[in-house]
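So the structure is just underneath, and the comments pick up after that.
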Amino acid sequence: MRFELETAYDELRRRFGEWARRDEPLARHCTFGVGGPADIWLSLDARADLIDLVTLSVQHDWPLLLVGNGTNTLYADAGVRGIVARIALNAYRIEEQTEQDALLIAEAGVSWPRLLNELAPLGWAGLEFGPGIPGTLGGGVVSNAGAHNGNLGQVLQWVEVLDVRQAVMQNTVPPVVCYQHDELDLGYRHSRFRAQRRVQYDERGFPIAASRARIEPQEIIMRLGVMLHRDDPQRVRATVEAHKQHRKRTQPVQQSAGSVFKNPEGDHAGRLIEAVGLKGYRCGGAQISERHANFIVNVGGAKAADVATLIKEAHDRVLSRFGAHLEMEVELRGEWGE
């Protein structure tokens, strides 16, 4: 079915008002600071709005891409065709189970920094490994985000998703499905939601985006349950602050999307990239960070193509010298073409 852009925009304006915008620069919505326009952009902060948008997209066969804060995304210079909607659901509550334990029930758009700043003074521990993780909890589920020998999978209890696959087959309102911890296939920077998003490399060594369904992702994370435990508030705050300071010392200050590559087993991607002489290597406005070689930073005026070229160079040189295939953590979205 052909996407009638103006028809879709008119209907979305009637439903969502000024939240629906045309030709929105995606560079404003990712930490790389690069990317062309989205045909239509929305930001959704209510569960009902998210379900309504997905349902409309199913009924009209609109192309829809649901995203988070853009902390792990590289948008193409040509942008994204169709609708791009940011999941900004950011409410949470704490349900105390015992004197020492509680269940954090959080919507997918809750940010790690905000959550840690609010939990630490209350003496709730369990997520304090993550002050350097800039994204949302929902995004953290996809990649099983972690740092400082901790990861979300260690405390994650369940995830609630909107299942588009069933809705598309039956042309109905998408059902809400709950997956328990053991159903999530959690591993190092991996979950069941990451399997279809992996970036491959073409015959020239350039990264190529994963294939995109009409509505992507097919399982949309809306809410999750995380187990917390009591600890001394001063100790929790001290741990969070120590991790923040470590991040300041070791990570670049320029715009980036965090670690570009997963660490190969038994080694570190940053060490390998530095060993092949690419620390500080530049293409256009993008640079392999001089502080940490597993970061690509925007030093001013970078294009997505510049970042992709540096990804290719790092992958090719490390593969040639060490025989190590660097798997990407960053996701490619949009119209990459050639």
Some residue of the range 304-319 being touching a residue at least 24 places away in the same chain (Cβ under 8 Å), assigned to a loop (DSSP other than H, G, I, E, B) and on the phi < 0 side of the Ramachandran plot: no
Test: residue in the range 4-18 that is part of a helix (DSSP H, G or I) and closer than 24 Å to Gly135 by Cα: no
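For Ile51, state whether it is closer than 13 Å to Met222 by Cα, in contact (Cβ under 8 Å) with a residue 24 or more places away in the chain, in the same structural domain as Asp232 (by TED's automatic domain parsing) and not in a loop (DSSP other than H, G, I, E, B). First the steps, then the outcome.
Working: closer than 13 Å to Met222 by Cα: yes; in contact (Cβ under 8 Å) with a residue 24 or more places away in the chain: yes; in the same structural domain as Asp232 (by TED's automatic domain parsing): no; not in a loop (DSSP other than H, G, I, E, B): yes.
The answer is no for Ile51.
Yes or no, residue by residue, for (1) loosely packed, with under 14 Cβ neighbours inside 10 Å; (2) of a type in the set (A, V, I, L, M, F, W, C):
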residue	(1), (2)
Asp163	no, no
Thr172	yes, no
Val176	no, yes
Arg212	no, no
Gln218	no, no
Met227	no, yes
Leading residue by the ranking (surrounded by the most Cβ atoms within 10 Å (Cβ to Cβ)) among those in the range 264-285 that are closer than 23 Å to Pro134 by Cβ and in contact (Cβ under 8 Å) with a residue 40 or more places away in the chain: Ile273
Search result, residues across the range 320-334 that are at positive phi and touching a helix residue (DSSP H, G or I) at 6+ places or on another chain (Cβ under 8 Å): Gly334
Residues of the range 255-308 classified as of a type in the set (A, V, I, L, M, F, W, C) and under 21 Å from Gly323 (Cα atoms), total: 12
Pick from the range 17-29, criterion modelled with pLDDT of 95 or more and of a type outside the set (D, E, K, R), ranking: surrounded by the most Cβ atoms within 10 Å (Cβ to Cβ): Leu26
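The values are calculated or read from the model by the stated rules, or taken from the named source; none is laboratory data. Note that the coordinates shown come from a computational prediction; the quantities given were computed from them, not determined experimentally. For neighbour counting, all protein chains shown are included, and Cβ atoms are generated from backbone atoms with ideal geometry for every residue, glycine included.
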